[in-house]
Amino acid sequence: MLTDFAKAYLRISMSNILLTGGAGFIGSHIAVELRKAGYVPIILDNLSNSLDSAVDGISKITGRKEVLHNIDCRRENEVVDLIEKVGGISGIVHLAAFKAVGESVQNPSKYYDNNIGSMGSILRVAEKFCVEQFVFSSSCTVYGSPQEAEVTESTPMGNAYSPYGYTKQVGERMMIDLVKAGVKTKFVSLRYFNPIGAHPSAWIGEFPIGKPNNLVPYICQTSIGLRDELTVYGNDYNTRDGSCIRDYIHVCDIATAHVKALDYMLKPTAPQHDVFNIGTGKGNSVKEIIDTFKEVNEIEFKVIQGSRRPGDVAAIYANNQKAQSILGWHPEYTLADALKHAWNWQKTL
Ligand code: UFG
């Protein structure tokens with residue numbers, strides 16, 4: 001007779017989790033954490049913004065030969081065939097999406113087509129296979145420009161500042177509508193704040209294709225000499241030093257939140273739909289990030305002052321109490337760790 005603990009262990013150890021966007025920055029770190037927790041990541045990615053070498057990095061860390069399934073989520077039949085081939089899935093972690101805020105303003109159709117199209121297709125797959133657990137990669141951009149910099153999950157969603165942010169709001173709404181329509185899957189949205197860093201092993205990390213949009217990859221590329229200088233966008237925000245404030249969180253901490261969310265959904269008491277902020281709970285300014293990076297990595301690089309970047313909100317950071325108390329999730333890495341790991345990864349490229 002198996003104990004409840006043994007049954008739970010067996011169930012988890014046998015669970016295939018479809019991981020869309022699994023070769024990307026956050027996805028590759030989630031694949032590692034899924035393995036660590038006894039889940040089997042079924043890595044799906046169309047490599048539109050990632051490299052297949054990420055899967056080699058994941059394999060080095062997990063000590064297993066991980067497999068990349070090069071499929072676009074919008075090709076629903078191919079996703080269905082894959083799931084049948086691997087013998088079914090119990091959960092889905094859906095990340096596959098475009099994520100550059102500025103690009104989404106320039107080319108909204110690209111974002112609506114890919115982000116909402118993929119979500120629609122993957123939700124139909126979830127319904128078809130009666131998937132138990134579904135984690136959606138959402139973003140703090142759903143809050144728009146909040147009145148208070150510290151946001152809780154009940155802070156109202158503001159006007160989305162960009163088509164990218166709107167696709168995340170729509171994704172969350174789609175899951176709520178499915179629940180209302182009687183679909184049995186449990187859904188969790190994780191609203192990420194600003195993911196940074198890399199795996200401590202430096203086998204996986206962020207690989208921006210072309211010129212980086214995000215602050216930390218830009219700092220790394222400037223430090224290594226690929227870029228001449230870093231521009232600080234704006235010095236006249238109503239913040240402590242005039243630059244924008246964000247909640248920068250280590251990518252490994254974001255990854256562990258997905259495992260916690262999957263485990264949470266197995267509890268009979270978990271509601272059918274829930275939302276969690278995944279941030280450190282602390283805001284740092286652009287200038288603080290630059291200074292900390294220089295200090296912990298003992299490196300200098302050129303910084304110039306520029307004007308505000310369109311679409312940026314002045315300040316936002318997470319209240320993460322709900323994730324801490326309900327998921328039992330806690331960020332483990334410091335800002336210094338994240339900036340060291342980002343730099344260690346950059347040096348391997
Ligand atoms: N910044 C600079 N110089 C740069 C790049 C960025 O000063 O070269 C500033 C920005 O103006 C902003 C801050 O650094 O004030 C952070 O900018 P990022 O582009 O790194 O991050 P964002 O907050 O704009 O957005 C990021 C992701 C989104 C995600 C969001 C919240 O790009 O996909 O975090 O999750 F939705």
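Structure data summary
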read-out: Members of the range 116-131 that are touching a helix residue (DSSP H, G or I) at 6+ places or on another chain (Cβ under 7 Å) and not in a helix (DSSP H, G or I); value: Phe129
read-out: Index of the failed condition, Gly144 passing every other in (1) within 12 Å of the ligand (Cβ to nearest atom); (2) open to solvent by 10 Å² or more (accessible area, probe 1.4 Å); value: (2)
read-out: Matching entry among Pro212, Pro217, Pro195 (being within 12 Å of the ligand (Cβ to nearest atom), assigned to a loop (DSSP other than H, G, I, E, B) and within 18 Å of the chain's Cα centre (by Cα)); value: Pro212
read-out: Any hit, the range 148-162, residues being open to solvent by less than 30 Å² (accessible area, probe 1.4 Å), in contact with a helix residue (DSSP H, G or I) (Cβ under 8 Å, 6 or more places away or on another chain) and over 28 Å from Cys244 (Cβ atoms); value: no
read-out: Verdict on Val183 being open to solvent by 10 Å² or more (accessible area, probe 1.4 Å), in a loop (DSSP other than H, G, I, E, B), in contact with a helix residue (DSSP H, G or I) (Cβ under 9 Å, 6 or more places away or on another chain) and modelled with pLDDT of 95 or more; value: yes
read-out: Answer residue from the range 56-111, given it is more than 16 Å from the ligand (Cβ to nearest atom), among the hydroxyl-bearing types (Ser, Thr, Tyr) and within 23 Å of Val135 (Cβ to Cβ) and is surrounded by the most Cβ atoms within 10 Å (Cβ to Cβ) among those; value: Ser90
read-out: Single residue of the range 32-55 satisfying the filter (more than 18 Å from the chain's Cα centre (by Cα) and among the hydroxyl-bearing types (Ser, Thr, Tyr)) that is most open to solvent (accessible area, probe 1.4 Å); value: Ser53
read-out: When residues of the range 282-312 are limited to those that are buried (at least 18 other Cβ atoms within 10 Å of the Cβ) and either away from the ligand (no atom under 15 Å from the Cβ) or among the aromatic types (Phe, Trp, Tyr) (or both), the one nearest to Ala181 (Cα to Cα); value: Phe293
read-out: Any hit, the range 314-332, residues being open to solvent by less than 40 Å² (accessible area, probe 1.4 Å), assigned to a helix (DSSP H, G or I) and either closer than 20 Å to Glu172 by Cβ or within 10 Å of the ligand (Cβ to nearest atom) (or both); value: yes
read-out: Residue pairs meeting the criteria (Cβ under 6 Å; at least 6 apart or on separate chains; first within 15 Å of Cys73 (Cβ to Cβ), in the range 107-118; second among the charged types (D, E, K, R) and open to solvent by 50 Å² or more (accessible area, probe 1.4 Å)); value: Gly117/Arg74; Ser118/Arg74
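The values are calculated or read from the model by the stated rules, or taken from the named source; none is laboratory data. From a predicted model like this one, the values you see are computed outputs, not experimental measurements. Note that we place each Cβ from the backbone using ideal geometry, even for glycine, and neighbour counts take in every protein chain shown. What goes into the accessible areas is simple: the full protein's heavy atoms, side chains included, and nothing from ligands, DNA or RNA. Shrake-Rupley method; radii C 1.70, N 1.55, O 1.52, S 1.80 Å.
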